[in-house]
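**Q** Got a structure for you, questions after.
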Amino acid sequence: MFDSLNGEGLLIHHWDTDGICSACLLLSHLNGRKIKNITPELGNYFLTNEELENCSIFDYIIVADMALPEEQILKISKNAQVFIFDHHLQNEIKQVFHHNPIIKSDKPNDYPSASWIVNDYLKNPVNLFAILGIVGDHERRILKNLKFKEIINKFCVKNNLTFDNLLRMVYLLDSNYKLGYKKSVENTPHILIQIESPSEILNNELWNKNLSILDNEIELQLRQPSDENSKTIFKKISTKYNIISTVTRRIAWESGKNAIVVNTGYFSDKDQIYMRCAKNAEQMIRRGKQLGFKCGGKKEVLGAILPKDKTDDFVKELKDFLNN
Ligand SMILES: [Mn+2]
């Protein structure tokens with residue numbers, strides 16, 4: 001597939017551990033080619049006009065662990081060959097190479113991360129980066145997936161690691177995007193390509209410093225008051241850090257309930273909404289898009305960015321959806 005590629009390439013990847021690890025696997029496979037990697041403006045699940053324009057000079061563009069809007073993909077495909085490796089919910093884009101087994105098969109549990117999908121596609125053996133992407137996207141809950149529990153356990157035994165070591169690595173890798181360090185996110189795949197041992201991730205001084213700042217902020221936000229009924233917890237926070245997905249996970253997983261979180265502090269003119277639920281969120285993702293919001297997610301997750309004056313109405317729709 002990649003053998004026929006010529007010219008200059010651009011790799012656009014998600015800013016989280018799964019996106020970074022997918023990027024690392026792709027970049028090391030494409031080693032020796034002229035390829036640049038970027039992550040979108042942190043918090044945006046789409047490209048800005050400037051980012052779109054910058055795409056036009058590349059001969060091929062690879063997108064990893066992100067469901068960029070279809071119209072943007074079609075636009076960049078006019079000047080470049082486009083490859084997508086992803087596991088988010090999205091209609092198949094037939095005009096480009098769109099490798100997303102989640103939307104083509106009915107076994108989402110066999111494809112827990114983009115890193116796994118990329119690694120499988122490249123026919124690599126199981127390795128740290130394929131595994132870290134999975135742990136990043138699912139944390140401890142992956143241990144309920146018996147197939148992957150075994151794969152991860154085997155990997156840990158072989159490499160003298162614990163599951164907590166893997167989780168710690170994920171938090172360290174995620175610390176850069178959560179603090180808003182876009183350049184560091186983009187540099188991380190290059191650091192990972194170089195490392196010889198997982199301990200180099202665990203002992204990275206900068207990432208450890210990041211983490212202690214974040215831990216304080218997350219605990220502070222979790223202490224904000226919430227609204228709660230028997231099924232759902234709603235919390236409003238205001239933080240300049242990109243920790244809404246972490247805060248939402250913590251609330252949902254610690255309570256066993258659905259969680260909706262609004263962050264009013266990340267964008268000056270927009271709010272972030274994040275929802276984790278026991279129901280399939282697909283219907284509300286479509287609804288958010290229909291209302292014109294930047295909206296996406298997976299089976300159990302919805303993320304949206306929307307104008308501040310629309311937040312209350314959409315939160316009400318989400319609550320009605322969850323409570324019915
Ligand atoms: Mn992912």
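**Q** Mean residue ellipticity at 222 nm from the helices of the chain, using -39,500 (n - 2.57) per DSSP H segment of n ≥ 4 over the full residue count, to the nearest 500 deg cm²/dmol? Don't skip to the end; give the middle numbers.
**A** Numbers: 14 runs with 150 residues, N = 324.
Calculated from helices alone, the mean residue ellipticity at 222 nm is -14000 deg cm²/dmol.
**Q** Give me the one-decimal nm value for the distance between modelled label points at H29 and N187, 7 Å along each residue's Cα-to-Cβ direction.
**A** Modelled inter-label distance: 2.7 nm.
**Q** Take the alpha-carbon centre of the stretch 261-278, take the same for the stretch 163-189, and report the distance between them in whole Å.
**A** So the two Cα centres are separated by 21 Å.
**Q** Suppose a student asked you for the relative contact order of the chain, using Cα pairs under 8 Å spaced at least 6 residues apart; what percent would you report? The partial results should precede the final answer.
**A** Working: 558 pairs, mean separation 42.3, N = 324.
Relative contact order for the chain comes out at 13 percent.
**Q** How much length would be gained if the chain were fully extended between K94 and E228, taking 0.36 nm per residue of separation minus their Cα-Cα distance, in nm to one decimal? Could you put the intermediate results ahead of the total?
**A** Values: separation 134, 0.36 × 134 = 48.24 nm, distance 4.28 nm.
That works out to 44.0 nm of additional length.
**Q** Starting from the Cα of K310, draw a straight line to each of the aspartates and glutamates and keep only those under 17 Å, dropping any in the same chain fewer than 8 residues away.
**A** D269, D271, D320
**Q** Taking the Cβ of each residue in E139, E50 as the centre, tally the other Cβ atoms inside 10 Å and list the residues starting with the fewest.
**A** Starting with the residue having the fewest Cβ neighbours, the order is E50, E139.
**Q** Separate question: For N210, what is the net charge nearby, where nearby means another residue's Cβ is under 13 Å from its Cβ and Lys, Arg count +1, Asp, Glu -1? It would help to have the intermediate numbers written out before the result.
**A** Values: positive: R168, K178, K209; negative: D174, E205, D215, E217.
Around N210, the surrounding residues sum to -1.
**Q** Within the stretch 142-183, which residues have the backbone N less than 11 Å from the label spot 7 Å out from N109 along Cα→beta-carbon, could you tell me?
**A** 144-149
**Q** Can you work out the FRET efficiency for the pair E8 and D312, with r the C-beta to C-beta distance and R0 = 45 Å, to the nearest 0.05? The partial results should precede the final answer.
**A** Values: r = 46 Å, r/R0 = 1.02.
The value I calculate is 0.45.
**Q** Is there a pair in K209/K236; K149/K289; K123/K298; K257/K319 whose C-alpha atoms are over 23 Å apart, and which pairs would that be?
**A** Values: K209/K236 27 Å; K149/K289 35 Å; K123/K298 25 Å; K257/K319 12 Å.
Pairs exceeding 23 Å: K209/K236; K149/K289; K123/K298.
**Q** Then there's this: Give me the extension gain from L42 to T264: residue separation times 0.36 nm, minus the current Cα-Cα distance, reported in nm with one decimal.
**A** Working: separation 222, 0.36 × 222 = 79.92 nm, distance 1.56 nm.
Extra length available between L42 and T264 comes to 78.4 nm.
**Q** For the chain, what is Rg from Cα atoms divided by 2.2 N^0.38 Å, rounded to two decimals?
**A** Values: Rg = 19.0 Å, N = 324, 2.2 N^0.38 = 19.8 Å.
Cα Rg divided by the expected 2.2 N^0.38 Å: 0.96.
**Q** Ok, one more. Normalised by the number of residues in the stretch 28-109, what is the relative contact order in percent for Cα pairs under 8 Å and 6+ residues apart? Please list the in-between numbers first.
**A** Working: 97 pairs, mean separation 17.3, N = 82.
Once normalised by length, the contact order is 21 percent.
**Q** Using all C-alpha to C-alpha distances in the stretch 16-150, build P(r) with 5 Å bins and read off the rounded percent in each one.
**A** 2, 10, 20, 22, 21, 13, 7, 3, 1
**Q** May I ask for the equivalent-ellipsoid semi-axes of the stretch 224-323, computed as the square root of five times each C-alpha gyration tensor eigenvalue and listed largest first in whole Å?
**A** Numbers: eigenvalues 64, 54, 28 Å².
Equivalent-ellipsoid dimensions as semi-axes: 18, 16, 12 Å.
**Q** Expressed as a whole number of Å, what is the distance separating the alpha-carbon centroids of the stretch 291-324 and the stretch 194-228?
**A** Going from one Cα centre to the other spans 27 Å.
**Q** Using a 10 angstrom cutoff on alpha carbons, build the Gaussian network for the chain and name the most mobile of N145, N242, N258.
**A** Looking only at N145, N242, N258, the biggest GNM fluctuation is shown by N145.
**Q** Give me the number: length gained by fully extending K279 to K158, i.e. 0.36 nm times residue separation minus the C-alpha to C-alpha distance, one decimal in nm. Provide the component values of the computation, followed by the final result.
**A** Numbers: separation 121, 0.36 × 121 = 43.56 nm, distance 3.69 nm.
Extra length available between K279 and K158 comes to 39.9 nm.
Throughout, read-outs are computed from the coordinates displayed, never taken from laboratory work. Worth saying up front: this structure is predicted, and the values here are computed from it rather than measured. Heads up, the Cβs are rebuilt from the backbone with ideal geometry, glycines too, and the neighbour counts pull from every protein chain shown.
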